[in-house]
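Just below is one structure, and these are the notes that go with it.
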Amino acid sequence: MSEQSDKSVTLEATPFSAPDASTRTPQKRLKPRHLGLIVASLCLAIFTWHLFTAKAISVTFTPEAKQTHLSGWLTFALGERYLVRPGPLTVTAQAEGHFPLEQIVTVTSESDQDFEFVFDRLPGQLEVNTEPKNASVSIDGKVVGTAPIVIEDISAGNHTLTLTAPKYVPFTERIKIEGMAQTQRITKVLEPAWAFVSVSSQPSGGQLMVDGTAIGTLPLRTELEEGKRELQVNLAGYESKALTITVTRNIAMVLEPIVLQPAKAIVNLNSEPAGALVANDEGYLGTTPLRHAISPNTPTRFNLTKAGYEPASRTIALDPAESANLTVNLQPRLGAIQLQIMPASARVKIDNEILPLGITEVSLPTRPHRFEVSLEGYATEVKTLTPDPLLTQTLAIALLTKDEAKIQAIPEVVTSRIDYSLQRILPATIELGADRRDRGGRSNEIPRTVTLTAPYYLGVTEVTNGQYQQFDSSHNPGVLGRMLLTEKQRPVVGISWQQAIEFCNWLSDLDGLPRAYERKGEHFQLISPRTHGYRLPTEAEWARAGRYAGVSAGGTGQLDQAPRFPWGDSLPPSDASVNLADSSATGFAPTLVADYSDGFRGPSPVAHFSANQLGIYDLAGNVSEWMHDRYSTARSPATAIDWMGPDTGSVYVIRGSSFLSGSYSELRWAYRDSGSDGRQDLGFRLARDIAPENRP
């Protein structure tokens with residue numbers, strides 16, 4: 001610091017004096033009068049602004065409100081209307097007997113707006129009284145109690161009142177509840193739905209039941225509801241009596257005395273053996289064991305019969321309600337049966353009882369008996385026979401081997417959906433062709449021994465025009481001379497071998513069978529392994545059914561034993577048994593059968609002439625027939641099993657004479673022709689293998 005800082009400094013006081021009040025400037029203040037003017041002006045301005053900008057609304061109430069309040073900014077009444085600011089407005093009001101109202105409305109910017117409000121009435125009360133008392137009371141389908149009753153808090157408006165009481169007519173009525181906490185009263189006398197019914201019985205004391213409910217002891221007078229009533233009277237020692245009456249309300253009834261009958265007695269009827277037929281004066285009653293009611297104190301006769309036993313009768317009398325057992329021992333009635341059983345070692349069982357070997361006659365009750373004959377390696381055979389007490393009967397059974405039995409079980413005839421039938425043919429060993437020295441023989445008639453090992457089906461007739469036209473409706477065989485060949489029952493002609501095969505496959509499809517043929521290139525051949533669909537017969541099958549029709553199943557037919565012609569060994573046929581080229585075929589048949597007339601100039605209807613031993617028609621005459629076999633003149637093999645011809649070739653075998661055949665050579669069984677195209681005297685018949693499940 002400087003030297004002066006070391007020196008002390010002295011501060012001197014400045015003189016002060018208070019200002020003189022008389023010399024202050026005076027302040028201005030508002031007087032109350034002025035302030036009031038300002039506030040009044042401001043209120044006037046706001047009121048004026050509100051007056052010109054507020055919206056006038058009207059508010060009405062149904063019924064008229066006793067207290068009303070509108071809450072909102074600057075809301076006040078102006079006569080019958082209110083000035084309110086636009087926006088939400090809460091309206092509250094009250095009216096006597098109604099629920100208080102509180103509702104928010106929205107005031108819009110429109111000039112005049114009207115708001116209407118409706119009060120909801122308070123619930124009312126309903127006092128219900130009925131005669132009779134304790135009737136069930138329902139409001140709108142809901143049970144609320146039993147009369148007398150005061151029902152609280154029923155909403156104002158229309159309601160359905162229902163009153164129900166046992167044995168009275170239900171009452172239903174629409175009522176209007178005024179509400180507003182008022183109490184309404186209704187008193188209803190219900191209409192009775194019953195009548196007095198007087199009931200008595202002879203003897204008295206019966207117990208009365210009505211609709212299954214016990215009522216009391218007769219005689220009595222009781223109230224029964226209207227309608228159909230089921231009455232039943234019970235009394236010990238007597239039959240119950242039931243009747244139906246119709247009760248009409250308020251109309252008393254006095255019923256005729258109900259006459260009770262003594263109770264039935266019960267017979268438990270048995271027989272030894274059981275199962276006897278029982279009858280009495282009432283008619284057939286049933287079979288023993290039998291429980292039957294009879295009139296008491298009256299003799300009742302029972303007649304018993306049973307097949308194989310002598311008739312029997314029994315008479316019984318019982319007291320009312322008594323029960324008794326009656327057993328009748330039946331005496332057998334016998335008849336004799338002689339037994340002729342082959343082989344003799346076969347076992348014979350009669351009604352599950354095995355006979356000792358060697359017994360040739362039995363005596364049995366005259367009722368149906370089951371005979372079962374069996375032997376190892378043979379098919380069991382069962383027959384039922386009823387012995388006759390006046391006549392000795394014979395039971396002859398020759399057992400078949402299982403293969404023989406299976407063949408016999410194959411249906412003899414099958415029929416297609418076009419009504420074409422095929423006959424079962426049993427197998428055999430036959431010879432085809434002809435001996436070289438045979439008169440009229442030809443070089444293509446190759447001798448060959450063929451064994452057919454299985455049964456097969458062959459068409460009973462040739463296929464007709466009507467049947468073929470279901471496959472090809474356009475087929476028209478034309479005219480021969482002046483003869484139409486299109487008659488539906490005549491055999492179809494003009495068919496090539498391939499067309500016949502196509503018909504076979506079509507019919508297999510129609511009957512739901514597997515097809516027999518399939519196409520390989522331009523030709524058809526049998527499907528391997530063979531199916532049981534429709535096909536053409538083989539030459540061997542055709543010959544077995546024709547030339548060798550008389551050979552038994554599994555037998556052998558030889559050329560030197562077989563007839564030369566279908567009717568024998570000489571010409572002409574002895575009678576009109578086959579359709580050939582007779583004198584009527586002059587002009588279109590190259591050769592005629594001398595001194596013969598069959599009645600037809602052209603083909604005859606199928607099955608017109610008689611069938612052969614196997615039931616086959618027209619294997620000779622009428623029309624020649626396509627075979628399945630391809631044509632060949634090869635001489636080997638000399639023997640064959642199920643021969644079907646060579647595997648290749650486009651020419652096929654034709655067998656059988658026709659209505660154009662008249663020469664010695666072509667009328668023979670052995671005559672053999674060939675071709676592939678149709679001609680006017682050439683048709684076909686069908687064949688089928690046995691279904692696999694039926695084959696032996």
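The values are calculated or read from the model by the stated rules, or taken from the named source; none is laboratory data. Since the structure is predicted, the reported quantities are computational estimates derived from the model, not experimental observations. Cβ: placed from backbone, ideal geometry, glycine included. Neighbour counts: every protein chain shown.
Here are the numbers for this structure:
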| read-out | value |
| --- | --- |
| Top-ranked residue of the stretch 671-696 - restricted to ones that are surrounded by fewer than 24 Cβ atoms within 10 Å (Cβ to Cβ) and of a type in the set (G, A, S), ranked as nearest to P573 (Cα to Cα) | S674 |
| Filter result (among the β-branched types (V, I, T), surrounded by fewer than 16 Cβ atoms within 10 Å (Cβ to Cβ) and either within 49 Å of the chain's Cα centre (by Cα) or in the same structural domain as Y238 (by TED's automatic domain parsing) (or both)) within the stretch 299-328 | T305, T327 |
| Criterion (acidic (D, E) and surrounded by 14 or more Cβ atoms within 10 Å (Cβ to Cβ)) met by exactly one of D569, D560, D511 | D511 |
| Positions within the stretch 352-378 being of a type outside the set (S, T, N, Q) and part of a loop (DSSP other than H, G, I, E, B), in sequence order | L355, P356, L357, G358, I359, R367, P368, L375, E376, G377 |
| Residues of the stretch 499-526 that turn out to be in contact with an Asp or Glu (Cβ under 9 Å, 6 or more places away or on another chain) and not in a helix (DSSP H, G or I), as a count | 6 |
| Spans of strands (runs of 3 or more DSSP E) in the stretch 302-351 with at least 1 residues at pLDDT 90 or above and either among the acidic types (D, E) or farther than 22 Å from P368 by Cβ (or both) | 312-316, 323-329, 334-342 |
| A242 being in a strand (DSSP E or B) and surrounded by fewer than 13 Cβ atoms within 10 Å (Cβ to Cβ) | yes |
| Options P132, P123; residue that is surrounded by 16 or more Cβ atoms within 10 Å (Cβ to Cβ) and of a type outside the set (A, V, I, L, M) | P123 |
| Residue in the stretch 599-613 that is among the basic types (K, R) and under 25 Å from R439 (Cα atoms) present | no |
| Residues located in the stretch 337-354, provided they are over 29 Å from I407 (Cα atoms) and surrounded by fewer than 16 Cβ atoms within 10 Å (Cβ to Cβ) | E353 |
| Identity of the residue in the stretch 527-552, part of a helix (DSSP H, G or I) and small (G, A, S), that ends up farthest from S508 (Cα to Cα) | A543 |
| Sole exception among (1) surrounded by fewer than 20 Cβ atoms within 10 Å (Cβ to Cβ); (2) part of a loop (DSSP other than H, G, I, E, B) for N579, by number | (1) |
| Residue in the stretch 297-307 that is within 12 Å of S271 (Cα to Cα) and touching a residue at least 60 places away in the same chain (Cβ under 8 Å) present | yes |
| Conditions (1) assigned to a strand (DSSP E or B); (2) touching a Phe, Trp or Tyr at 6+ places or on another chain (Cβ under 9 Å); (3) more than 30 Å from A576 (Cα to Cα); number of the one not met by G649 | (1) |
| Some residue of the stretch 513-527 being touching a helix residue (DSSP H, G or I) at 6+ places or on another chain (Cβ under 9 Å) and of a type in the set (V, I, T) | no |
| Pair list, Cβ under 6 Å, 6 or more apart: the stretch 377-394 residue free of Cβ contacts under 8 Å to residues at least 40 places away in the same chain and more than 12 Å from Q338 (Cα to Cα), other residue assigned to a strand (DSSP E or B) and aliphatic (A, V, I, L, M) | E381/V373; E381/I397 |
| Members of the stretch 289-298 found to be part of a loop (DSSP other than H, G, I, E, B) and surrounded by fewer than 16 Cβ atoms within 10 Å (Cβ to Cβ), listed by number | P289, S295, N297, T298 |
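One line per residue, one yes/no per condition, for (1) outside any strand (DSSP E or B); (2) β-branched (V, I, T):
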residue	(1), (2)
D114	no, no
V128	no, yes
N134	yes, no
G145	no, no
L163	no, no
P166	yes, no
F196	no, no
G205	yes, no
I215	no, yes
